[in-house]
Amino acid sequence: MADSAGIQQGSPAVGAAGSVPAAPGAGGTEGSGAAGGSARIAVKKAQLRSSPRPKKLEKLGVYSSCKAEGACKCNGWKSQNPPPTPPRTDQQSHTVNLQEPCRSCSHTLGDHVTHLENVSEEEMNRLLGIVLDVEYLYTCVHKEEDADTKQVYFSLFKLLRKSILQMGKPMLEAQENPPFEKPSIEQGVNNFVQYKFSHLPSKERQTIMELAKMFLNQINYWQLETPSQRRQRVPNDDAAGYKANYTRWLCYCNVPQFCDSLPRYETTQIFGRTLLRSVFTVMRKQLLEQARQEKDKLPPEKRTLILTHFPKFLSMLEEEVYSHSSPIWSQDFLAGASGGQIPIHTVISAPPVARPLYYSTSPVSMDPSTCGSVSPARKTASILEPNPVGEKRKPSEPLPHEENKRPRVVGDIPMDLINEVMATITDPAAIPETSLLSAHSARDEAARLEERRGVIEFHVIGNSLNQKPNKRILMWLVGLQNVFSHQLPRMPKEYITRLVFDPKHKTLSLIKDGRVIGGICFRMFPSQGFTEIVFCAVTSNEQVKGYGTHLMNHLKEYHIKHEILNFLTYADEYAIGYFKKQGFSKDIKVPKAKYVGYIKDYEGATLMGCELNPSIPYTEFSVIIKKQKEIIKKLIERKQAQIRKVYPGLSCFKEGVRQIPIESIPGIRKKELKDPDQLYSTLKTILQHVKSHQNAWPFMEPVKKTEAPGYYQVIRFPMDLKTMSERLKSRYYTTRKLFMADMQRIFTNCREYNPPESEYYKCANLLEKFFYTKIKEAGLIEK
């Protein structure tokens, strides 16, 4: 039997309890005091459950109705001589006599617990757990000062009390059951990582995952402000909506952390974007402030992660949280070609909320009998560690090799070598900073660093006839009008003003120290599939700093989000060079019928276009190129180190040998077979041996699409033994290297597409070993 009690959807409950409410906006996380409090309650439950049966009956009798004949209405047995003060836990309790009368109805304790005589120990222990939760909530009700919070405490108290009377399971009765919004916060952050960082190498993506886990962990422990506190801080907010979410959070996430007889959910799994929007700004501010205050306590390996990467991560996430068109909150986000939704734990999942790692100089007592406030202590959690110590991986959380595979060109360089090189350059401390004055630094590098430090900001703004004017946006629009007027003197000022303030036009503004220093004014034509860039300028004293390139990169990413992949603009002779550097050309990809009559025509200007690639993260593109160059540089250095290898001297002459073949000298490259017929004959023999091997059967023919769905999306350069036979007959293999490269590609492709435990993977390994044995026997490589 399941008992339920109605919880008013708008009533705040347990989370912000305490005799001294937190200051408005002072969200925080439940610190070591909270963890210690739940632990103490668990210890008390364990002690009570190990007590003698009469002691258990006494405890349950207090909350059990009288079962004596005569329809007694007493709903709980009371001792005739209750102690004036609660007995100390270190003192032995007196033995309870089942014949002791109740001071309320005069019936004995035995009459109150007759229904428990045949109850199993397991069921009795479950009821005892509810009893301690009732006592904890009872104390909370009397200590709590906030009226709304007190009301929900009392509702939960009655729910658990009723569960004991009816021997049922407590079940909250509400208009909606969890989850309350889809996608959840956890899924949204998961989508955000995929959307923004899927292009990064494995090591860097792992860093982003750590940041995401850290963020989700903070939300799961975040202490929401009460609705009354929020009304004081944000008067014009949706008070009813916040109050409903606040109540749900308290009933389903916060109270069950201490009263484990209630069902427990993680905040990030049952709430979505609405709750995240209501707490994100305050939470971000406090987390960053806390990080700055605790920077001296941070271990060196965490310092860069917390102080440098985490602020950037939060800034990028904030944009997606408050954007009305962000794709990460779509239910269909990342639906693959097969139509299946990527599981919620594919990228990240919040760590369990039972054992966080905190800074604490002294434990905070949570014993209701000794605490001034029985509510969870408001101690901010340290953000040094995203996961509890010793936490095990969830079953649904993938192992590293189970990460989503992205299509890539498979070359002849072993992946082990690539990963080894990547490990030497992905550590931020190990990557040498490129001087901003260096010829090798990217044009937008200085601007990107300034944005990361918060020196500059980018905002897409525009005028509106439907919404109440925003003073700050209007000031920025006036600033943009001034910048465009000064930098484009041949353009009429009235014309600039009309377009900048036209509701159909938007402007990507560049803000530095609170003032506008540049921007790009544009008009989107979604139905035609392009955007017209009208004005583009940066104030003269802020030029040659990479702002123009970074502005355009932000504009490209903004349009990729809105699925518009073509830019058109009329450039004068002074702007053609800039637009060429940004990927524009005179070769217009948009059909003329699409833009004629839509785009504004300027006399004496040149029409230029740019086609966007949605798979390119433009604001980070130069960083990716820099890393790729670094990889190539490291690979070249390793190759050069091998070439420069010093071999030992020849000792054979001391033993009387007069002469040796030159190719037997270590370090002398094996000479290629000069005779084409001899090479053909040798390669043909080797290929025949390989084809007749027992493990060659998977590689005899090209892979069929019907047998391996998606194979040609993963493997860009397929190869098989039949194709090699045809190439050999056509005398394609003029050197041994060409032949060996194709054969190696067969094995590499197989291992790329198939899991290590598959039969195909094992066949590739065995056949590869056999192939190199034959190559060595033929004298084509050193043994």
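The values are calculated or read from the model by the stated rules, or taken from the named source; none is laboratory data. Everything quoted here is computed from the prediction, not taken from an experiment. When we count neighbours, we look across all protein chains shown, and the Cβ atoms used for this are built from the backbone with ideal geometry, even at glycine. What goes into the accessible areas is simple: the full protein's heavy atoms, side chains included, and nothing from ligands, DNA or RNA. Shrake-Rupley method; radii C 1.70, N 1.55, O 1.52, S 1.80 Å.
Numbers for the structure displayed
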item	result
Region 720-738: number of residues that are open to solvent by less than 50 Å² (accessible area, probe 1.4 Å) and either among the aromatic types (F, W, Y) or within 13 Å of P702 (Cα to Cα) (or both)	6
Index of the failed condition, T268 passing every other in (1) out of contact with any helix residue (DSSP H, G or I) (no Cβ under 6 Å at 6 or more places or on another chain); (2) open to solvent by less than 30 Å² (accessible area, probe 1.4 Å); (3) of a type in the set (S, T, N, Q)	(1)
Test: T274 is touching a residue at least 24 places away in the same chain (Cβ under 8 Å), hydroxyl-bearing (S, T, Y) and open to solvent by 60 Å² or more (accessible area, probe 1.4 Å)	yes
Pick from region 684-699, criterion assigned to a loop (DSSP other than H, G, I, E, B) and open to solvent by 60 Å² or more (accessible area, probe 1.4 Å), ranking: farthest from F739 (Cα to Cα)	Q694
Residues of region 120-178 that turn out to be aliphatic (A, V, I, L, M), in contact with an Asp or Glu (Cβ under 8 Å, 6 or more places away or on another chain) and open to solvent by 40 Å² or more (accessible area, probe 1.4 Å), as a count	2
Any helices (runs of 4 or more DSSP H) falling wholly within region 235-344 and containing at least 3 residues that are farther than 20 Å from F215 by Cα	239-249
Per-region count, region 222-237, residues open to solvent by less than 10 Å² (accessible area, probe 1.4 Å) and either within 16 Å of A291 (Cβ to Cβ) or among the hydroxyl-bearing types (S, T, Y) (or both)	1
Check on G61, at pLDDT below 80 and at positive phi	no
Cross-chain or 6+ apart pairs with Cβ under 7 Å, region 173-196 first and closer than 14 Å to Y265 by Cα, then among the charged types (D, E, K, R)	F180/R248; E181/R273
Residue that is farthest from R231 (Cα to Cα), among those in region 119-177 that are assigned to a helix (DSSP H, G or I) and among the acidic types (D, E)	E121
Every residue from region 712-736 that is part of a helix (DSSP H, G or I), touching a helix residue (DSSP H, G or I) at 6+ places or on another chain (Cβ under 6 Å) and farther than 24 Å from L780 by Cβ	V714
Residues (in contact with a helix residue (DSSP H, G or I) (Cβ under 8 Å, 6 or more places away or on another chain) and over 23 Å from L488 (Cα atoms)) located in region 542-559	E557
Filter pass, V193 being farther than 25 Å from Y252 by Cα and outside the structural domain of E563 (by the TED database)	yes
Unmet criterion (only one of (1) open to solvent by 40 Å² or more (accessible area, probe 1.4 Å); (2) in the same structural domain as A212 (by the TED database); (3) under 17 Å from the mean Cα position of the chain (by Cα); (4) at pLDDT below 85) for T304	(3)
Single match in E752, E757 (criterion: open to solvent by less than 40 Å² (accessible area, probe 1.4 Å) and either closer than 21 Å to P414 by Cα or within 36 Å of the chain's Cα centre (by Cα) (or both))	E752
Selected residue (only one of T267, T346, T274 is out of contact with any Leu (no Cβ under 9 Å at 6 or more places or on another chain) and either modelled with pLDDT of 85 or more or not assigned by the TED database to the domain that holds C140 (or both))	T274
Members of region 529-578 that are of a type in the set (F, W, Y) and open to solvent by 10 Å² or more (accessible area, probe 1.4 Å)	Y558, Y570, Y574, Y578
Residue match in region 93-107 (condition: among the acidic types (D, E) and free of Cβ contacts under 8 Å to residues at least 60 places away in the same chain)	yes
Region 597-614 - residue that is part of a loop (DSSP other than H, G, I, E, B) and of a type in the set (D, E) and, of those, most open to solvent (accessible area, probe 1.4 Å)	E603
Number of the exception - P617 against (1) at pLDDT below 85; (2) surrounded by 10 or more Cβ atoms within 10 Å (Cβ to Cβ); (3) out of contact with any Gly (no Cβ under 9 Å at 6 or more places or on another chain); (4) within 30 Å of I418 (Cα to Cα)	(1)
Inter-residue pairs, beta-carbon under 7 Å, first farther than 16 Å from R277 by Cβ and in region 306-329, second not in a helix (DSSP H, G or I), 6+ apart	I306/L298; I306/I383; P327/F333
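Residues are listed down the side, and each one gets a yes or a no for (1) exposed (fewer than 13 other Cβ atoms within 10 Å of the Cβ); (2) of a type in the set (A, V, I, L, M, F, W, C); (3) at pLDDT below 90; (4) part of a loop (DSSP other than H, G, I, E, B):
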position	(1), (2), (3), (4)
G649	yes, no, yes, yes
L673	no, yes, yes, yes
M740	no, yes, no, no
I746	no, yes, no, no
